[in-house]
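Inspection log for the structure reproduced underneath, given as structure tokens.
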Amino acid sequence: MVVAVYPGTFDPLTYGHMDIIERAAALVDKLIVGIYENPAKQPLFPLEQRVRLVEEVITGLSNVRVKAFKGLTVDFIRQVGGKVMIRGLRANSDFEREFEMALMNRKLAPDIELLCLMTSSQYQFLSSTLIKEVAKLGGCLEGMVPDNVAVALKEKFSVPIELATGKGKM
Ligand SMILES: Nc1ncnc2c1ncn2[C@@H]1O[C@H](COP(=O)(O)OP(=O)(O)OP(=O)(O)O)[C@@H](O)[C@H]1O
Ligand SMILES: [Mg+2]
């Protein structure tokens, strides 16, 4: 049984992440979305909320679970019995950073294999950082994040809900 972990900060979850989750889940027996506490990034959403937002949207994917973690990613992957780490790639800059981390992780844990999935072109421009900037300025997030995330962002930044989800424009 192949257990894989898709680690990230998910602050917050986007459709770019969801695309990777769905595609990875189709390749492995069990996928664990590992939500990294990441105090260095000073996340907008508390860890528990980041976990909940992912849990709410993966209910239809029977082999996917969500877990929060602290510390080294490779330690977390071992703890859950994982053999594979999943990451998504959008641009050259992602590749350089992933390559660096992959070589370090191989030193730390040669038993864990890295599997990188290329972004789907429609999500290439999506990052949590950009989503937060758009949300803060009141931009419509339709097609970029699930509705529960749009609502959570709206609550954070006090943006009208119809603007956040795009539903008011139908
Ligand atoms: N649109 C996307 N397409 C493919 N992979 C993605 C996409 N967005 C994020 N990822 C990948 O998901 C993983 C977790 O990413 P992370 O939580 O850092 O999200 P992020 O959007 O890069 O957020 P931030 O802007 O805070 O770095 C990383 O491997 C990242 O490259
Ligand atoms: Mg990132």
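The values are calculated or read from the model by the stated rules, or taken from the named source; none is laboratory data. None of these values were measured; they are calculated from a predicted model. FYI the Cβ positions are ideal-geometry reconstructions off the backbone, even for glycines, and counts take in every protein chain you see.
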Filter result for Arg65 (part of a strand (DSSP E or B) and free of Cβ contacts under 8 Å to residues at least 40 places away in the same chain):
yes
Could you please find all residues in the range 14-55 being out of contact with any Asp or Glu (no Cβ under 9 Å at 6 or more places or on another chain), surrounded by 17 or more Cβ atoms within 10 Å (Cβ to Cβ) and part of a loop (DSSP other than H, G, I, E, B)?
Thr14, Val28
Among the residues of the range 129-156, which ones are of a type in the set (S, T, N, Q) and either touching a Phe, Trp or Tyr at 6+ places or on another chain (Cβ under 7 Å) or free of Cβ contacts under 8 Å to residues at least 24 places away in the same chain (or both)?
Thr129
Looking for something over 17 Å from the mean Cα position of the chain (by Cα), more than 15 Å from ligand 2 (Cβ to nearest atom) and polar (S, T, N, Q) - is there at least one such residue anywhere in the range 51-71?
yes
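Quickly run through the range 125-140 and pick out the residues that are in a loop (DSSP other than H, G, I, E, B), of a type in the set (A, V, I, L, M) and away from ligand 2 (no atom under 16 Å from the Cβ). Don't jump to the end; show me each part of the working.
Of the residues in the range 125-140, the ones in a loop (DSSP other than H, G, I, E, B) are 125-127, 137-140.
Adding the requirement that they be of a type in the set (A, V, I, L, M) leaves 126, 137.
Listed by number, the list holds a single entry, Leu137.
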With respect to Glu133, determine if the residue is assigned by TED's automatic domain parsing to the domain that holds Pro7, of a type outside the set (Gly, Ala, Ser), within 15 Å of ligand 1 (Cβ to nearest atom) and surrounded by fewer than 16 Cβ atoms within 10 Å (Cβ to Cβ).
no
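Restricting to the range 23-55, and then to whatever is of a type in the set (Lys, Arg) and near ligand 1 (Cβ under 10 Å from one of its atoms), can you tell me which residue is farthest from Ala150 (Cα to Cα)?
Arg23
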Of the residues in the range 76-98, how many are away from ligand 2 (no atom under 16 Å from the Cβ), touching a residue at least 12 places away in the same chain (Cβ under 8 Å) and surrounded by 12 or more Cβ atoms within 10 Å (Cβ to Cβ)?
7
